[in-house]
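Read-outs: derived from the displayed coordinates by stated rules, not from any lab. As the structure is a computational prediction, the values presented were derived from the model and not from experiment. With ideal geometry, Cβ positions are generated from the backbone for all residues, glycine too; neighbour counts draw on all protein chains shown.
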Amino acid sequence: MARNYRIAVIPGDGIGKETVPEGLRVLDAAATRFGFSLKLDHYDWSCETYQKTGAMMPPDGLDRLRESDSIFLGAVGWPGVPDHVSLWGLLIPIRRSFDQYVNLRPCRLMPGARTPLAGRTEADIDFYVVRENTEGEYSSSGGRHFEGTEREFVSQLTVMTRHGVDRILRYAFELARTRPRRHVTSATKSNGITFTMPYWDERFALMAQQYPDVSTAQYHIDILCAHFVQHPDWFDVVVGSNLFGDILSDLGPAVAGSIGIAPSANINPERVHPSMFEPVHGSAPDIAGRHVCNPIGQVWSGAMMLEHLGEKAAADAIVAAIETLLREGGPRTRDMGGQAGTAEVGRALAEIVAR
Ligand code: GGG
């Protein structure tokens, strides 16, 4: 049977416009080698769209995306448009409308990558951050009150539903069962935040009872950040709320050598809706337009997309190509100590995948 996949492509802002073409180049090489095809629908939605039209995407944007098997996204955010406007205008509506409640973010020290942690090897840094992706601290509930007066104050609600907490915890435990160590760490801050975080802890303890074969640990987010740096080998699957998961999944790749290589998947595990694949990094206005950014996070996100689509062999070939390139001293961008441009790395990866 012909394997054809329809992919919505949104480069977005800044370096997203430079990394997405390299991601597509490598996906194209994988499609040719493994005998499937990708039909691409290109959408130029970005902060520029917002500046021209007052919205990050057109009114029928979500309906258009609904037609796709997956969404391949670059980065969102650009100076001149407040970050919360761009995020809530594009990324968050997609995550929420398509119930992409899992944000899966692998953190691995790749062969040949340089960790800032002295003496650490590949075996020491290899874990997943599982971030809750549709509720928690990212809530639109709150307000600005007594604006412009001395009594001015702002508030924002954190929303944790039993349904939302349980399903992300279950995903983390199920993921742990697929891994040799079978260990889940939970991140909260239950001493300072007295309703939502203790509730998460309670649900975590109950979920753990259903997985006696999985060991667990629980830390406050502050000391957990310290442990990421001092003891990255303690971690296997780390599950956290929307905000804590976001923070940990920048810190994780930083200890693994570069946030430029970190991929992520926004997954609707039930496959009722399309899932979305994007690098962890943002639009990086400081280096955008210079074609020096690292495309590996985008390329690796493409591998996660193929795995989700059922093209496991092609996904594995892309990850193996990244490992080969880094292990064998292939071209690398400045964030990894090299001098290569974005396209040079993309071309080298596509060449290895095609072999
Ligand atoms: N490619 C990821 C990206 O553009 N991130 C922008 C950002 O600020 N994301 C926040 C989030 O993931 O919640």
Out of all DSSP beta bridges with both ends in the chain, state the antiparallel percent to the nearest 5.
40 percent
Go from 0 up to the bin containing the longest alpha carbon distance in the chain, width 20 Å each, and give me the % of pairs per bin.
30, 59, 11, 0
Beyond 21 Å, how much of the Cα-Cα pair distribution for segment 115-256 remains, as a whole percent?
46 percent
Expected unfolding gain across Asp286-Leu157 under the 0.36 nm per residue rule, minus the alpha-carbon gap, is 43.2 nm
Report the local net charge at Asn242: Lys and Arg +1, Asp and Glu -1, summed over other residues whose C-beta lies under 13 Å from its C-beta.
0
Among 337-344, 11-18, the order from most to least packed when residues are scored by Cβ within 10 Å on average
11-18, 337-344
Expected output is a single nm value to one decimal: the length gained when fully extending between His227 and Arg6, i.e. 0.36 nm times separation in residues minus the C-alpha distance. What is it?
75.4 nm
Going out from 0 in 5 Å bins, what whole percent of all Cα-Cα distances in segment 1-145 drops into each bin?
2, 8, 14, 16, 17, 17, 13, 8, 4, 2, 0, 0
Ordering of 255-264, 327-336, 141-150 by packing [mean C-beta count within 10 Å, highest first]
255-264, 327-336, 141-150
Rank-order 266-273, 113-120, 297-304 by packing density, defined as the average count of other C-beta atoms within 10 Å over each peptide's residues, highest first.
297-304, 266-273, 113-120
If you take every residue apart from Leu73 with its C-beta less than 12 Å away from the C-beta of Leu73, what net charge results, scoring Lys and Arg +1 and Asp and Glu -1?
0
222 nm mean residue ellipticity, helices alone, for the chain (DSSP H n ≥ 4; -39,500 (n - 2.57); rounded to 500)
-12000 deg cm²/dmol
Counting Lys and Arg as +1 and Asp and Glu as -1, what is the net charge of the other residues whose Cβ lies under 15 Å from the Cβ of Ile221?
-4
What lysines does Lys17 reach when the alpha-carbon gap must be under 23 Å and sequence neighbours fewer than 8 apart in one chain are set aside?
Lys39, Lys52
Unit charges at the beta carbon, dipole of the chain: most positive-side option, Ala340, Leu309, Val292
Leu309
